[in-house]
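The values are calculated or read from the model by the stated rules, or taken from the named source; none is laboratory data. Since the structure is predicted, the reported quantities are computational estimates derived from the model, not experimental observations. Using ideal geometry, Cβ is built from the backbone for each residue, glycine included, and neighbour counts are taken over all protein chains shown. What goes into the accessible areas is simple: the full protein's heavy atoms, side chains included, and nothing from ligands, DNA or RNA. Shrake-Rupley method; radii C 1.70, N 1.55, O 1.52, S 1.80 Å.
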Amino acid sequence: MMPVFFDYIFPSALVPAFLYGIYLMQSPRTALRGNRIGALCMFVAVALAFGQYRLFEEPAAWAAMVVGGGIGLFLAQRAGTIRMPQLVALFNGVGGAASALVILACLGTLSGETGWFGWFVSALALAVGSITFSGSMVAALKLEGRIPSPPLSFRKQTFLVRWMLYSIGALAVLAVIDNSLVVLYAVVACSLLYGVLLAMRVGGADMPVIISFLNSLSGVAASVSGIALGNMLAAGVGALVGVAGMILTQIMCRAMNRDLLTVLGGFSTYKASSETVETEVASTDDAAPKPSMRLTADAIPAILREAGKVIIIPGYGMALSQAQQAVKDLMDALERGGKDVKVAVHPVAGRMPGHMHVLLAEVGVDYDKLFDMAKINHEFPDTDLVIAVGACDVMNPAATTAEGTPISGMPILKASEAKAVIVCNLNEKPGYSGVENTLYKEPHVITLWGDASETVPGLTAALTQHG
Amino acid sequence: MGATLFVLLLFVVVCAVLGYKIIAAVPPLLHTPLMSGMNALSGITLLVALAALRTQEPGAFSWYVALAAIVLAMINVTGGYWVTERMLRMFKSDNGGGDDK
């Protein structure tokens with residue numbers, strides 16, 4: 001009776017509870033409760049595991065729990081919202097490492113009688129766990145600025161990345177056929193190296209894709225280690241994490257007009273480079289606007305005062321210059337003037353999915369004012385003023401007008417359709433994609449180059465002095 | 001040891017399908033907390049690590065490896081939940097709760 005309870009009944013009963021917790025994450029009103037339900041489920045699962053394996057009188061188990069729990073709380077308490085991508089990347093890696101270590105600890109139980117499936121699953125868990133670990137550590141260091149962020153790729157790297165992947169597969173097959181532990185260690189070594197190569201070539205604005213992907217892999221690693229050691233709950237919950245990461249990866253890839261292989265594997269179809277890509281936008285260059293028609297910075301107070309409907313577009317530059325509070329102040333000032341103010345968020349703005357939302361929530365921006373691209377894009381034509389803060393590629397019209405660039409075909413926020421646009425970016429340099437932003441040249445666009453934490457308060461001052 | 005392979009694989013498939021339905025409906029607004037929440041869930045490896053600790057000879061090298069796995073999985077569990085809690089507390093709306101207007 002007891003084995004049946006621990007092996008089948010209790011996992012089948014707990015997974016619906018975990019799912020209910022995730023279900024509550026569908027709304028910001030219930031998400032906090034959802035998270036707590038998840039925590040409670042985890043507590044129950046761990047308490048039952050302590051009972052099942054009779055660990056209550058095992059001081060080493062308690063010590064490991066306390067040390068790990070303490071480190072986790074410390075890391076979570078210390079992290080600010082800007083550094084959230086690093087923290088999630090770090091946790092991804094820690095999860096992958098934990099799964100790989102579990103399999104390593106149990107390698108002694110593998111033998112010639114284990115059967116091919118046991119060996120295969122162990123090899124898979126070791127490979128996925130190791131890739132997740134080393135890849136996430138590189139991603140976290142890049143986000144932290146310890147490693148240069150533009151994609152580091154040398155000429156032969158694409159070849160090397162593919163070759164590494166093939167050899168991991170070949171070694172795994174060899175381990176299954178040969179029942180050899182030494183080969184499994186080789187799988188680990190190759191996987192660690194592969195993870196590093198994989199993450200090294202991904203940089204800057206591609207980060208949301210790789211973080212989501214590694215998030216998925218950390219779940220897959222947990223799931224496979226659960227399968228390898230016959231733990232139903234770990235197998236099932238790990239699969240949930242794997243699926244969640246995959247969904248986010250899909251959304252991120254679609255929002256950047258890339259497929260996963262392009263970002264990860266170097267199976268690229270265009271020449272990715274940090275140099276400026278020549279864009280051929282005949283229309284805007286030929287029809288050079290008359291100087292008299294071009295809006296200038298002198299017009300800003302009037303534009304701000306007269307605008308009825310304002311949309312703000314934040315980008316990663318806002319986070320870099322710590323201008324979130326300034327944006328919130330500007331929003332408040334505009335609303336005091338009776339204006340309709342909304343924030344338009346592109347899915348890949350920031351360095352991880354949902355990054356902008358958290359940054360703005362932290363300074364107290366009402367989440368009902370944050371709109372996703374699909375919901376707000378039709379509103380730009382009847383918007384009087386768009387204020388972009390540290391955003392570039394996500395509103396570059398070249399994505400739809402030019403062909404053969406990294407962002408061609410990428411869905412963008414249609415800022416240029418508004419009556420006037422004020423751009424508060426650091427400089428006129430292209431965004432991460434390297435594609436020149438044709439929006440800057442349009443006559444109804446005013447560009448304010450400089451630190452957004454200075455230019456945005458300037459707008460607020462211009463509004464309040466005259467208002 | 002543990003559940004039979006057939007049940008395990010079937011269970012994984014069922015979880016993946018149900019999970020897909022529910023997780024795909026989480027709005028972009030909550031994608032960052034979703035990810036950190038998933039960090040906590042990936043700490044479910046803790047269960048496997050606890051089992052591994054029981055099966056290994058105390059003091060053996062593999063026993064220490066299992067202990068290390070417990071530490072790492074536990075970092076994910078507490079860290080993931082706490083950072084998600086902190087983030088979700090930041091999300092506020094005036095609808096139904098505002099009193100300054």
Taking the range B:56-67, which residues are at the interface with another protein chain (Cβ under 7 Å from one of its Cβ atoms) and hydroxyl-bearing (S, T, Y)? B:S62
State yes or no: is B:V65 touching a helix residue (DSSP H, G or I) at 6+ places or on another chain (Cβ under 8 Å), hydrophobic (A, V, I, L, M, F, W, C), at pLDDT 95 or above and surrounded by fewer than 23 Cβ atoms within 10 Å (Cβ to Cβ)? yes
Residues of the range A:205-222 being more than 11 Å from every other protein chain (Cβ to nearest Cβ) and either more than 11 Å from the chain's Cα centre (by Cα) or open to solvent by 10 Å² or more (accessible area, probe 1.4 Å) (or both), which ones? A:A205, A:D206, A:F213
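Each row is one residue, and each column tells you yes or no for (1) of a type in the set (V, I, T); (2) in contact (Cβ under 8 Å) with a residue 40 or more places away in the chain; (3) assigned to a helix (DSSP H, G or I).
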| residue | (1), (2), (3) |
| --- | --- |
| A:R305 | no, yes, yes |
| A:D332 | no, no, yes |
| A:K342 | no, no, no |
| A:G350 | no, yes, no |
Cβ-Cβ below 7 Å, separation at least six or inter-chain, first residue in the range B:68-81 and at the interface with chain A (Cβ under 7 Å from one of its Cβ atoms), second β-branched (V, I, T) and open to solvent by 10 Å² or more (accessible area, probe 1.4 Å): which pairs? B:V71/A:V67; B:L72/A:V94; B:I75/A:I71; B:I75/A:V94; B:N76/A:V94
Note on A:V310: of the conditions (1) in contact with a His (Cβ under 9 Å, 6 or more places away or on another chain); (2) at pLDDT 95 or above, unmet is (1)
Considering A:P406, A:P411, A:P443, A:P430, which residue is within 14 Å of chain B (Cβ to nearest Cβ) and assigned to a loop (DSSP other than H, G, I, E, B)? A:P411
Matching entry among A:F91, A:F154, A:F159 (being at pLDDT 90 or above, hydrophobic (A, V, I, L, M, F, W, C) and assigned by TED's automatic domain parsing to the domain that holds A:A239): A:F91
What helices (runs of 4 or more DSSP H) lie completely within the range B:1-97 and have 2 or more residues being of a type in the set (G, A, S) and over 22 Å from A:N215 (Cα atoms)? B:45-55, B:61-90
For the subset of the range A:96-147 comprising residues that are charged (D, E, K, R) and surrounded by fewer than 24 Cβ atoms within 10 Å (Cβ to Cβ), which member is farthest from the chain's Cα centre (by Cα)? A:E113
Over the range A:446-467, the set of residues in a strand (DSSP E or B) and either touching a His at 6+ places or on another chain (Cβ under 7 Å) or touching a residue at least 40 places away in the same chain (Cβ under 8 Å) (or both) is A:I446
For residues that are of a type in the set (F, W, Y) and assigned to a helix (DSSP H, G or I), scanning just the range A:10-60, find the one that is farthest from the other protein chains (Cβ to nearest Cβ). A:F10
For the range B:23-45, pairs from a residue that is farther than 16 Å from A:G69 by Cβ to a residue that is assigned to a loop (DSSP other than H, G, I, E, B) and among the β-branched types (V, I, T), with Cβ under 7 Å and 6 or more apart or across chains, are B:L34/B:V26
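Condition check ((1) buried (at least 24 other Cβ atoms within 10 Å of the Cβ); (2) over 23 Å from the mean Cα position of the chain (by Cα)) across all residues:
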| site | (1), (2) |
| --- | --- |
| A:L330 | yes, yes |
| A:A333 | no, yes |
| A:A349 | yes, no |
| A:M352 | yes, no |
| A:A361 | yes, no |
| A:F380 | no, yes |
| A:V386 | yes, yes |
| A:D393 | yes, no |
| A:T400 | no, yes |
